[in-house]
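The values are calculated or read from the model by the stated rules, or taken from the named source; none is laboratory data. These numbers come from a predicted model, not from an experiment. All Cβ positions, even for glycine, are placed from backbone atoms using ideal geometry, and neighbour counts span all protein chains on display. What goes into the accessible areas is simple: the full protein's heavy atoms, side chains included, and nothing from ligands, DNA or RNA. Shrake-Rupley method; radii C 1.70, N 1.55, O 1.52, S 1.80 Å.
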Amino acid sequence: MFSLSGKVAAITGAGSGIGKAIALAFAKHGAHVAVLDLNLSAAEEVVTEIKNAGGSAEAAACDVSVRDAAAAAINAIITNRGRLDILVNNAGIAHVGNVSNTSEEDFDRIYRVNVKGVANCLKPAFDQMAKQGGGVILNMASMRLVTRNPPAMLIVAMRTAMAPRIVVAEADPESCSMPPIRMIPLMALVTLIS
């Protein structure tokens, strides 16, 4: 069994599904968990469940598609806890469709959440982890890319766009060094719901 005691973890899209499962697991292993979700009441329910099990958690509304909102949520955690050790970029939306039948509005909405949302949370988390000497950033993707599901290929392509290492190295020009921040792509097999 591993321990996350003393670690602070922020998980986007943690009000339900895989994000909730990750939040519960991290709290069980000792992390203080920031449950971030567009649906604040869902996030608060997860926090209640964590606290009832003896864990430590906080909830915040977070629209990852809006840069200032995402940064405010991440920065509030850093202000409250003094650090951020783990960011799980889990928030995502689904759309069953393909290039032919997906409207521009749907495409833009999916892109804002599934691609831009990752980048919006990444910057404030990365900056804090660099200051404190390291951390871990987990980017969720979809196994549907390798299992071939044509009606969902457009959403899968966007969800998987952020899976590779986003930041290969961000060197300090003076010391030519980089703090040990690990970018880990995770693939999850999930059912896409329109």
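A few comments on the model shown:
- Any chance ASP63 is in contact with a helix residue (DSSP H, G or I) (Cβ under 6 Å, 6 or more places away or on another chain), of a type in the set (Asp, Glu) and either within 16 Å of VAL136 (Cα to Cα) or buried (at least 23 other Cβ atoms within 10 Å of the Cβ) (or both): no
- Exclusive hit being open to solvent by 40 Å² or more (accessible area, probe 1.4 Å), under 22 Å from PRO124 (Cα atoms), out of contact with any Ser or Thr (no Cβ under 6 Å at 6 or more places or on another chain) and at pLDDT below 95, set GLY92, GLY82: GLY92
- Residues of the stretch 18-60 classified as over 16 Å from LEU138 (Cβ atoms) and among the β-branched types (Val, Ile, Thr), total: 4
Conditions (1) over 18 Å from the mean Cα position of the chain (by Cα); (2) among the small types (Gly, Ala, Ser), marked per residue:
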| position | (1), (2) |
| --- | --- |
| ASP68 | no, no |
| ASP85 | no, no |
| ALA91 | no, yes |
| HIS95 | yes, no |
| VAL99 | yes, no |
| GLU105 | yes, no |
| ASP108 | yes, no |
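- One residue from ALA14, ALA27, ALA34 being crowded, with 24+ Cβ neighbours inside 10 Å, touching a residue at least 40 places away in the same chain (Cβ under 8 Å) and within 18 Å of ASN80 (Cα to Cα): ALA34
- The stretch 51-72 residues that are charged (D, E, K, R), paired with ones that are assigned to a helix (DSSP H, G or I) and open to solvent by less than 60 Å² (accessible area, probe 1.4 Å) (beta carbon under 8 Å, 6 or more apart): GLU58/VAL47; GLU58/ILE77; ASP63/ALA69; ASP63/ALA70; ARG67/ASN120
- Pick from the stretch 1-11, criterion open to solvent by 10 Å² or more (accessible area, probe 1.4 Å) and of a type outside the set (Gly, Ala, Ser), ranking: farthest from VAL64 (Cα to Cα): MET1
- Scanning the stretch 95-104 for residues that are in contact (Cβ under 8 Å) with a residue 24 or more places away in the chain, open to solvent by 20 Å² or more (accessible area, probe 1.4 Å) and not hydroxyl-bearing (Ser, Thr, Tyr) returns HIS95, VAL96, ASN98, VAL99.
- From ARG81, ARG67, residue being under 16 Å from LEU4 (Cα atoms) and among the basic types (Lys, Arg): ARG81
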